[in-house]
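So the structure is just underneath, and the comments pick up after that.
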Amino acid sequence: MKTFAQWLRATHLGKDTPIGDLAFDVTRDKTFPKENDREVIQNHLARKGACKECLTAFRRAWQQYSREVQ
């Protein structure tokens with residue numbers, strides 16, 4: 001099973017959308033969690049100072065990921 005980060009890069013990297021922006025940021029974040037846990041990732045983004053739009057994009061991406069992969 002792909003992790004959230006792997007799925008995000010494979011499906012959204014390079015797209016001019018909020019989720020595409022998130023994929024770009026995740027690719028650059030060397031400390032992005034390896035855990036496949038929504039709460040861990042959301043807390044990481046909040047600690048990094050993610051804006052409201054980024055957190056909204058994450059929630060939408062997690063919903064897509066859950067439907068497609070899990």
For this session: Inspect the stretch 37-59 for any residue being in contact with a Pro (Cβ under 9 Å, 6 or more places away or on another chain) and small (Gly, Ala, Ser) and give the result as yes or no.
Result: yes
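Could you please give the count of residues in the stretch 7-23 that are assigned to a helix (DSSP H, G or I) and surrounded by 14 or more Cβ atoms within 10 Å (Cβ to Cβ)?
Filtering the stretch 7-23 down to residues assigned to a helix (DSSP H, G or I) leaves 7-12, 18-23.
When the remaining residues are screened for being surrounded by 14 or more Cβ atoms within 10 Å (Cβ to Cβ), the result is 7-9, 11-12, 18-23.
Count: 11.
Coordinate-derived values only; no laboratory data. Here the structure is a predicted model, which means the values were calculated and not measured. When we count neighbours, we look across all protein chains shown, and the Cβ atoms used for this are built from the backbone with ideal geometry, even at glycine.
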